[in-house]
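Encoded as structure tokens, the structure appears first; notes follow it.
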Amino acid sequence: MEMKNLEKAMDIYAKLVTGEEIKRGGANGSLYDDYYGNAEVYEIVGVMLKKLNLSIYEYKESLFLSAGEGNRIFGYTNEELKKAIGVRYNKELYLCYFIIYEILLTFYSDSASYQFKEYIRIEDVMEEVTRALSVFTKDIAVYDLDEERQESFQAVALLWDELPASTGEEQEELRASRASKASFVKLTFNFLIGEKLFVEVSRRYYPTERFQAIVEHYFEEYRGQIYDALSREGQET
């Protein structure tokens, strides 16, 4: 192993883990070229990230880093996520998970069917979440889930069902809170913006290239328990 290649690999890791952009032709463009043009650098970066339970994704000639499942250093615990999003109870956090998943499905349904959308609105997300959760308030038995997951999904569905669509104060300016469906979605979007996955312009939410890179690879590599549960809709128990 050449020391200069190890240093290049460390530079790539350091830039990505601190949130800097590595893009062909950008300020760190030489590192992008090193990653794809030098087999040893590529291999060293891959080994480092695997040991750290991190994934590297490429999208439109840019590199993005994402924490692997259960990563306790670079990822979030449930308690940390509650604080980061601004919720107090597990069922509120699970509702935010569900909202994020429905946002994700607005742009992708699987790895082969990217749905081009320039932006999404809070009202769109509310409609999709209501549709997806309505089955749990009607008949939880249509899902062949274990008892713990049945209770989690039902709690989320009932929480959403009990929330008003919006409050009187929100008619003029929507604020992120736990007071209504709209404000819950706003709360979730604020977190996604903080993670550089969306940008907001005039109450329209535009996905970033980081979002597109991570989501595209998510469907190719890992669909998650929520998808597994939802994809079984309509099957006999």
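The values are calculated or read from the model by the stated rules, or taken from the named source; none is laboratory data. Predicted, not measured: the structure shown is a model, and the values here were computed from it. As a convention, Cβ positions derive from the backbone with ideal geometry for all residues, glycine included, and neighbour counts pool all protein chains shown. Surface areas here come from the heavy atoms of the whole protein model, side chains and all, with no ligands, DNA or RNA. Shrake-Rupley method; radii C 1.70, N 1.55, O 1.52, S 1.80 Å.
Take the stretch 11-26 and flag every residue that is at pLDDT below 90 and among the charged types (D, E, K, R).
Glu20, Glu21
May I ask you to verify whether Lys23 is on the phi > 0 side of the Ramachandran plot, in contact (Cβ under 8 Å) with a residue 24 or more places away in the chain, open to solvent by 20 Å² or more (accessible area, probe 1.4 Å) and touching a strand residue (DSSP E or B) at 6+ places or on another chain (Cβ under 9 Å)?
No, not satisfied.
Take the stretch 104-130 and flag every residue that is modelled with pLDDT of 90 or more, in a helix (DSSP H, G or I) and either of a type in the set (A, V, I, L, M) or more than 20 Å from Leu174 (Cα to Cα) (or both).
Correct list: Ile122, Val125, Met126, Val129.
Which of the helices (runs of 4 or more DSSP H) contained wholly in the stretch 147-237 include at least 2 residues that are modelled with pLDDT under 75 and exposed (fewer than 15 other Cβ atoms within 10 Å of the Cβ)?
Helices (runs of 4 or more DSSP H) meeting the threshold: 147-162, 209-221, 224-230.
Would you pick out the residues in the stretch 34-58 that are more than 23 Å from the chain's Cα centre (by Cα), part of a helix (DSSP H, G or I) and surrounded by 15 or more Cβ atoms within 10 Å (Cβ to Cβ)?
Within the stretch 34-58, Asp34, Tyr35, Glu40, Val41, Tyr42, Ile44, Val45, Met48 meet the criteria.
Can you say whether Gly75 is at pLDDT below 90, surrounded by 15 or more Cβ atoms within 10 Å (Cβ to Cβ) and closer than 20 Å to Ile193 by Cα, as far as the supplied structure shows?
yes
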